1. Quote to one decimal, in nm, the extra length available between GLU53 and GLU67 on full extension: 0.36 nm per residue of separation minus the C-alpha distance between them.
2. Mean shadow of the stretch 1-57, computed from the convex hull of its alpha carbons, in nm²?
3. Please compute the modelled spin-label separation between THR33 and ALA4, points set 7 Å along Cα→Cβ, answer in nm with one decimal.
4. Taking the alpha carbon gyration tensor of the stretch 1-99, what are the square roots of 5 times its eigenvalues, largest first, to the nearest whole Å?
5. Around GLU56, with a cut-off of 12 angstrom between Cβ atoms, what is the net charge of the other residues, counting Lys and Arg +1 and Asp and Glu -1?
6. Which whole-Hz couplings ³J(HN,Hα) result when phi for each residue of the stretch 43-48 is put into the Karplus expression 6.51 cos²θ - 1.76 cosθ + 1.60, θ = phi - 60°, listed in order with x for Gly and Pro?
7. Taking the square root of 5 times each eigenvalue of the Cα gyration tensor, what semi-axes in Å does the equivalent ellipsoid of the stretch 52-113 have, largest first?
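Rule-based calculations on the coordinates, nothing more; no lab input. Model, not experiment: these values are computed from the prediction. Cβ atoms come from the backbone with ideal geometry, glycine included; neighbour counts cover every protein chain shown.
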Amino acid sequence: MTRAQELAGLDSSARRQLLRFVASLAWSDLAITAGERAYVHRLVSRLHLTPEEAREVEGWLRVPPPEEDVDPTTIPHEHRRLFLDTLREMVESDGGVSPEEKETLALLEQLTR
């Protein structure tokens, strides 16, 4: 199954959870770059979010999601690889990975093993 097919198979709750993690990781270096913002917008489009869900994601691009909403242990086991692959793609979307993004991604990988 391709990543696009896996993303399409996520239910609303899993889509929102994935995007909370994406936004949170983008904020790990305290700034959202144009490349990261564009990646999130492409992901929102690929996930076919409702207008309400898309507005919620836009809010996370202005202010990071609350820490308690991005607990890696809550990612369902069957989605962990997909989430990590998507997160890796996001941090590389602006052409560079900051030390903070690298550290946060490594921590997420450890916590989802």
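1. Numbers: separation 14, 0.36 × 14 = 5.04 nm, distance 1.88 nm.
Roughly 3.2 nm would be gained on extension.
2. 4.0
3. 2.5
4. On the way: eigenvalues 69, 45, 41 Å².
With the √(5λ) rule applied to the stretch 1-99, the semi-axes are 19, 15, 14 Å.
5. Here the charged neighbours net out to +1.
6. Values per residue, Gly and Pro as x: 5, 4, 5, 5, 8, 6 Hz.
7. Values: eigenvalues 72, 57, 28 Å².
Semi-axes (√(5λ), whole Å): 19, 17, 12.
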